[in-house]
């Protein structure tokens, strides 16, 4: 193993903690000494501030991002016999949530530059059973929403934005989580806005949908023993709400740093002909939850091994498209070709990118990449 000047993780949550340690420690201590651990003022505070970030009137904190998707679907009355169009390049939770409400997932291929649902293909997939477009804003890049919104409006369909990777992202001056009818977020620890455990949220401009989601997430009730519908238990812990409130104050600065690092990556790697770097869109600048490059599939394994040997952690988001998962093909019996999703799954590599990353660390990552492809 060669001696390396850096050991660079894919994500460094310890460095982030150290940068705001006093604020986090104070927030945690306040919750513990206050003795209120579920909901309460801290959760309401976070919901207000996060709704403001998303430019919507309503935010419902919940237990995790997958719950948020299922609750959003249930709030719209989606169930058996209904079809939901989802991208084929995403985490399995996208597929699971549709199946868990009894609906049928319809896999749509992606725009190979954005890595998000191809809007034209999605519209072509609509059938008489289709009720929802559920785009995923992958890697921090918002889906091209305008065609979907226009079609859904004209055909009495709904949209759920899965914004789990797009906290604060913009699309044509609209915030992620404000465009669809009801929208979802994850605060998994590695997200741009991450908790110290599981947490999620739902955002909407509709008071009726907010109230329905609130009931579903809180045992079918809006007051302590007034159970109006069959619900579930999906509430955000007060500790997580307190931690997220602290981090939310820093999110804009962290996002700016991520974007600066992404721009710098593109500049440093522009002459490496064997790779493809992310595209930038003037009307939808990514918040770069993930900075993913493409490498030739027959070199990916060797490339990642070389990076590891040089002290650099890389990742793959995601190594198998939903169209090729065993659960899709064997259990659900969904057989569909999504060539762009499948190609992306064979080529993408995630590089380290986090606000605490120094220019020297990034220089080293890029020098190592250039060295590999010059061999």
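If we keep just the residues of segment 101-120 that are under 19 Å from residue 180 (Cβ atoms) and more than 19 Å from the chain's Cα centre (by Cα), which is surrounded by the fewest Cβ atoms within 10 Å (Cβ to Cβ)?
Among residues in segment 101-120 that are under 19 Å from residue 180 (Cβ atoms) and more than 19 Å from the chain's Cα centre (by Cα), the one surrounded by the fewest Cβ atoms within 10 Å (Cβ to Cβ) is 120.
What residue, of 260, 161, is crowded, with 22+ Cβ neighbours inside 10 Å and farther than 24 Å from residue 37 by Cβ?
It is 161.
Working only within segment 125-148, note down all residues that are free of Cβ contacts under 8 Å to residues at least 12 places away in the same chain and within 17 Å of residue 174 (Cα to Cα).
Those that are free of Cβ contacts under 8 Å to residues at least 12 places away in the same chain and within 17 Å of residue 174 (Cα to Cα): none in segment 125-148.
Only strands (runs of 3 or more DSSP E) wholly contained in segment 121-235 count here; list those with 3 or more residues that are more than 16 Å from the chain's Cα centre (by Cα).
In segment 121-235, 130-133 are the strands (runs of 3 or more DSSP E) which contain 3 or more residues that are more than 16 Å from the chain's Cα centre (by Cα).
Got a sec? Which of 65, 40 is assigned by TED's automatic domain parsing to the domain that holds residue 204, at pLDDT below 95 and in contact with a helix residue (DSSP H, G or I) (Cβ under 9 Å, 6 or more places away or on another chain)?
Of 65, 40, the one residue that is assigned by TED's automatic domain parsing to the domain that holds residue 204, at pLDDT below 95 and in contact with a helix residue (DSSP H, G or I) (Cβ under 9 Å, 6 or more places away or on another chain) is 40.
When only residues in segment 183-228 that are at positive phi and without any contact (Cβ under 8 Å) to a residue 24 or more places away in the chain count, which is surrounded by the most Cβ atoms within 10 Å (Cβ to Cβ)?
Per the stated criteria, the residue is 219.
Quick check: is even one residue across segment 212-223 in contact with a helix residue (DSSP H, G or I) (Cβ under 7 Å, 6 or more places away or on another chain) and farther than 30 Å from residue 126 by Cα?
Checking segment 212-223: at least one residue is in contact with a helix residue (DSSP H, G or I) (Cβ under 7 Å, 6 or more places away or on another chain) and farther than 30 Å from residue 126 by Cα.
The values are calculated or read from the model by the stated rules, or taken from the named source; none is laboratory data. Worth saying up front: this structure is predicted, and the values here are computed from it rather than measured. A quick note on method: Cβ atoms are made from the backbone with ideal geometry, for glycine too, and the neighbour counts reach across all protein chains shown.
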